[in-house]
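Peer 1: First, the structure itself, so that you have it in front of you.
A short reminder: the numbers here are calculations on the coordinates, not readings from a lab. This structure is a prediction, so every number in the text was calculated from the model and none was measured. Here the Cβ is made from the backbone with ideal geometry for all residues, glycine too, and neighbour counts use every protein chain on show.
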Ligand SMILES: Nc1ncnc2c1ncn2[C@@H]1O[C@H](COP(=O)(O)OP(=O)(O)O)[C@@H](O)[C@H]1O
Ligand SMILES: [Mg+2]
């Protein structure tokens with residue numbers, strides 16, 4: 001015991017020695033080598049706000065974990081929160097930190113305990129803590145907490161109000177540091193403005209940007225191969241890491257964000273025979289995904305109840321999934337995309353599902369219906385990254401885009417009651 005305590009004290013003095021040298025910390029404590037962009041981020045001057053906006057897979061979540069560990073090791077009794085739009089997204093960084101704590105001897109000895117509930121938390125023997133929170137349900141899991149440092153991962157998914165009114169409040173007591181990390185989404189958001197302030201030389205904000213290419217640890221050929229499947233603005237955002245003009249966007253970002261921020265439930269919703277359910281399915285053509293969505297269409301706003309997305313399944317399996325979901329919720333209607341490969345599946349599920357025949361005209365109606373439903377806040381869904389990103393990246397010129405989630409949602413919303421068919425309104429022409 002005494003031996004162990006001595007060892008801890010020795011490790012803490014080692015931490016104090018390495019505190020000023022971030023690269024020494026990365027090497028000695030983590031056996032980890034930052035790439036050039038990460039090195040710049042880690043050696044940046046400390047500011048009350050730090051903003052990192054880059055392409056996907058740049059290594060943001062990983063560097064955030066490294067930085068949180070270093071802060072925890074060098075700041076006894078400090079509390080840090082890793083926050084994101086979902087617990088899963090926030091966990092990505094936390095899990096990297098946890099991995100280092102299990103793998104690296106110096107850290108392993110310093111860890112006091114790891115908790116999983118109610119929220120994942122890592123506690124060190126000198127009293128510092130790293131914990132994870134979701135910003136869901138209007139920040140209910142953050143309110144009343146105090147942090148010395150909050151890292152918001154994929155911060156652009158959080159609304160400005162949530163960051164200002166909830167996240168910043170957790171830092172107010174100690175004047176803690178706010179770290180905003182994101183792939184760019186909307187130009188009108190808080191992250192964008194903080195980034196501009198930092199780039200313009202505001203002394204309270206450190207800002208850094210960078211393309212995915214800065215990370216040598218990801219497959220650059222694979223990323224290049226995605227280019228054909230993205231709109232030009234999606235490519236700029238997701239890979240180049242820059243905020244793009246979005247003239248071709250069909251679904252406005254503020255409407256998409258409202259749809260998930262105003263949702264308060266977790267997936268899936270339990271079936272309930274007193275409610276009216278509908279389903280929409282977009283069936284995979286070769287490499288795409290099959291996506292199935294069930295909505296609770298009892299009243300507006302419709303609520304997304306179930307989401308599933310899978311790849312490379314033979315038709316009988318797909319048909320069985322469609323049938324199972326239809327039965328489970330006793331769906332009022334199940335609508336599937338009946339073009340091309342859809343025909344074969346439709347034949348197998350004709351007793352439960354209807355086919356939606358895509359023509360230029362009907363497709364435009366379908367998408368406009370979804371567009372209006374989103375604008376009028378008539379549909380809500382818990383945050384599902386594939387769905388949210390596909391909605392944002394959608395353009396009417398969609399031949400090369402991934403559209404499975406968009407189409408499944410559009411079909412479900414159509415099944416809930418096409419706008420053209422107003423059943424109970426008395427005609428003003430009668
Ligand atoms: N310095 C590094 N050394 C080795 N692998 C890294 C490094 N930085 C990031 N990676 C790897 O690159 C991939 C993308 O990193 P991630 O942090 O998830 O990116 P982002 O959060 O920017 O999308 C992950 O597989 C991660 O392990
Ligand atoms: Mg990440």
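Peer 1: How much length is gained on full extension from residue 359 to residue 33, taking 0.36 nm per residue of separation minus their Cα-Cα distance?
Peer 2: Contour length minus the Cα-Cα distance gives 112.1 nm.
Peer 1: Report, largest value first, the span of the C-alpha coordinates of the chain along each principal axis, in whole Å.
Peer 2: Reported extents, whole Å, longest axis first: 83, 47, 44.
Peer 1: Further, regarding this structure: May I ask for the angle, rounded to the nearest 10°, between helix 2-18 and the longest principal axis of the chain, with both axes built from Cα atoms and the value confined to 0 to 90°?
Peer 2: Here the helix axis deviates by roughly 80 degrees.
Peer 1: So if I take the centroid of the Cα atoms in segment 90-152 and the same for segment 1-72, what is the distance between those two points in Å?
Peer 2: A separation of 15 Å, based on Cα centres.
Peer 1: Take residue 44 and residue 298, extend 7 Å from each Cα along the Cα→Cβ direction, and tell me the distance between the two endpoints in nm.
Peer 2: Rounded to a tenth, the inter-label distance reads 4.7 nm.
Peer 1: Given segment 2-240, what percent of its DSSP beta bridges are antiparallel, to the nearest 5?
Peer 2: 20 percent
Peer 1: Can I ask one more? Quick one: Kirkwood hydrodynamic radius for segment 341-423, alpha-carbon pairs, angstrom, one decimal?
Peer 2: Computed over segment 341-423, the radius equals 14.0 Å.
Peer 1: Let me ask another. I'd like the FRET efficiency for residue 196 and residue 117, computed as 1/(1 + (r/R0)^6) with the beta carbon distance as r and R0 of 30 Å, rounded to 0.05.
Peer 2: About 0.15, to the nearest 0.05.
Peer 1: For segment 253-416, report the translational diffusion coefficient in µm²/s to the nearest whole number, using Stokes-Einstein at 4 °C, 1.567 mPa s, and a Kirkwood Rh over Cα pairs.
Peer 2: 83 µm²/s
Peer 1: Within segment 232-362, what percent of beta bridges assigned by DSSP are antiparallel, to the nearest 5?
Peer 2: Expressed as a percentage, antiparallel bridges in segment 232-362 total about 65.
Peer 1: Here's a follow-up. What area, in nm² and to one decimal, does the C-alpha convex hull of segment 108-234 cast on average over all directions?
Peer 2: 11.1 nm²
Peer 1: For segment 300-369, just the Cα set please: Rg and Dmax, both in angstrom.
Peer 2: Rg then Dmax for segment 300-369, in Å: 13.0, 35.
Peer 1: At residue 173 and residue 160, where each label point lies 7 Å from the Cα along Cα→Cβ, what is the point-to-point distance in nanometres?
Peer 2: So the label points at residue 173 and residue 160 sit 2.9 nm apart.
Peer 1: Another question, then. So what is the relative contact order of the chain, in percent, for Cα pairs below 8 Å that sit 6 or more residues apart?
Peer 2: Values: 779 pairs, mean separation 65.2, N = 430.
With pairs under 8 Å counted, the relative contact order is 15 percent.
Peer 1: Now, a different point. I'd like the FRET efficiency for residue 6 and residue 287, computed as 1/(1 + (r/R0)^6) with the beta carbon distance as r and R0 of 51 Å, rounded to 0.05.
Peer 2: Approximately 0.30, to the nearest 0.05.
Peer 1: With everything on Cα atoms, drop me the angle between helix 190-199 and the longest principal axis of the chain, reported from 0 to 90° to the nearest 10.
Peer 2: 40 degrees
Peer 1: Counting other beta carbons within 10 Å of each residue's own, what order do 125, 285 fall into, fewest first?
Peer 2: 285, 125
Peer 1: Separate question: Work out, step by step, the length gained on full extension between residue 399 and residue 19: first 0.36 nm times the residue separation, then minus their alpha carbon distance; give nm to one decimal.
Peer 2: Between residue 399 and residue 19, full extension yields 131.5 nm more.
Peer 1: Now for a different question. Can you give me the Cα centroid spacing of segment 215-272 and segment 321-355 in angstrom?
Peer 2: Segment 215-272 and segment 321-355 have Cα centres spaced 28 Å from each other.
Peer 1: Express in nm, to one decimal, how much length is gained between residue 228 and residue 347 on full extension, taking 0.36 nm for each residue of separation and deducting their alpha carbon distance.
Peer 2: Stretched out fully, the residue 228 to residue 347 stretch lengthens by 39.6 nm.
Peer 1: Taking Cα pairs under 8 Å and at least six residues apart, what relative contact order does segment 268-358 come out at, in percent?
Peer 2: Values: 164 pairs, mean separation 26.2, N = 91.
That works out to 29 percent.
Peer 1: What's the exposure ranking of 233, 286, going from fewest to most Cβ atoms within 10 Å?
Peer 2: Working: 233 19, 286 7.
The most exposed by this proxy come first: 286, 233.
Peer 1: What base-10 log of the normalised intensity I(q)/I(0) is obtained for segment 2-240 from the Debye formula, alpha carbons as equal point scatterers, at q = 0.07, 0.09, 0.17 Å⁻¹?
Peer 2: One equal scatterer on each Cα of segment 2-240 leads to -0.23, -0.38, -1.32.
Peer 1: Moving on. Only counting other Cβ atoms within 10 Å, I'd like 326, 35 sorted with the fewest neighbours first.
Peer 2: Fewest-to-most ranking of 326, 35: 35, 326.
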